Amino acid sequence: MKKTLLKIAIAGTGIILLVPSAFAAKEKPAETNQSPEQVEANYAKAIESRTADILQALALNDTNQAARVHDIIIAQYRALRAWHDDNDAKLKAARADTNAAAQIKISLKKLHDTFLARLAEHLTPEQVDKVKDKMTYGKVQFTFAGYVAQYPALSDANKEKILELLKQAREEAMDGGSAEEKTAIFQRYKGKINNYLSKQGIHPAKEKPGAKSPAN
């Protein structure tokens with residue numbers, strides 16, 4: 001069955017990123033004018049679809065292993081939903097107080113680390129990376145390819161640093177409560193990358209017609 005895709009324009013770059021509609025806009029389905037039962041049914045369907053996509057990418061041959069990984073991922077989506085429901089308003093209120101925000105996020109970090117530890121019991125490090133990539137829409141590879149295209153003179157050390165920062169973004173973004181939040185996290189790290197390249201005296205190649213900037 002073909003999945004509906006939603007076109008998301010990347011501001012200022014001319015790039016259009018195709019994102020499965022189940023992931024678009026928010027991690028949770030819209031809850032307007034829906035009964036609690038409808039909300040829960042829609043949410044369950046959405047996270048089952050996301051988890052199925054991840055399992056397809058992993059291509060696990062052991063059905064027992066696949067079932068365990070499935071349950072771990074489903075549990076994480078539900079745990080993240082509950083965490084954001086409980087803490088997003090608190091984070092917004094503590095926006096000007098970095099120490100308070102950091103305290104709130106301690107429990108999110110614990111949730112993150114526990115999830116990865118549980119995955120590591122059943123998957124290789126490379127497979128765990130696949131899970132991270134699927135939970136963040138493949139933004140590491142997509143954005144890295146944009147930098148390589150726009151900065152053709154990058155050294156191996158430059159590329160390694162860019163990948164390091166993008167993977168840091170992925171680590172944070174996989175805990176995001178919405179597609180917008182995940183994108184904003186990558187955008188923030190993209191700013192760090194741009195500052196790094198500027199300090200290294202590395203500038204983008206002169207734009208040609210149809211040239212692509214690094215993706216958000």
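The values are calculated or read from the model by the stated rules, or taken from the named source; none is laboratory data. All values reported here derive from a predicted model rather than from experimental measurement. Glycine gets a Cβ as well: all are built from the backbone with ideal geometry, and neighbour counts include every protein chain shown.
Would you confirm whether or not segment 172-179 contains a residue that is assigned to a helix (DSSP H, G or I) and at pLDDT below 95? Taking every residue of segment 172-179 in turn, at least one turns out to be assigned to a helix (DSSP H, G or I) and at pLDDT below 95. What are the residues in segment 165-193 that are farther than 22 Å from Lys110 by Cα and charged (D, E, K, R), if any? Listed by number, the residues that qualify are Glu180, Arg188, Lys190, Lys192.
The residue list Thr143, Thr124, Thr183, Thr114 contains one member that is touching a strand residue (DSSP E or B) at 6+ places or on another chain (Cβ under 9 Å) and among the polar types (S, T, N, Q), which is Thr183. Take the conditions in a helix (DSSP H, G or I), closer than 30 Å to Thr63 by Cβ and more than 18 Å from the chain's Cα centre (by Cα) and apply them to Ala117. Does it pass? Considered against the rule, which asks whether it is in a helix (DSSP H, G or I), closer than 30 Å to Thr63 by Cβ and more than 18 Å from the chain's Cα centre (by Cα), Ala117 comes out as yes. Taking each residue of segment 80-101 that is closer than 17 Å to Glu172 by Cα and looking for partners that are surrounded by fewer than 11 Cβ atoms within 10 Å (Cβ to Cβ) with beta-carbon atoms closer than 9 Å, six or more apart or interchain, yields Ala101/Arg95. Of all residues in segment 53-70, none that is outside the structural domain of Glu121 (by TED's automatic domain parsing) has its Cβ atom under 6 Å from the Cβ atom of a residue that is at pLDDT below 95, 6 or more apart or on another chain.
From the list Gln150, Gln200, the lone residue that is out of contact with any Pro (no Cβ under 7 Å at 6 or more places or on another chain), surrounded by 12 or more Cβ atoms within 10 Å (Cβ to Cβ), outside the structural domain of Gln56 (by TED's automatic domain parsing) and of a type outside the set (D, E, K, R) is Gln200.
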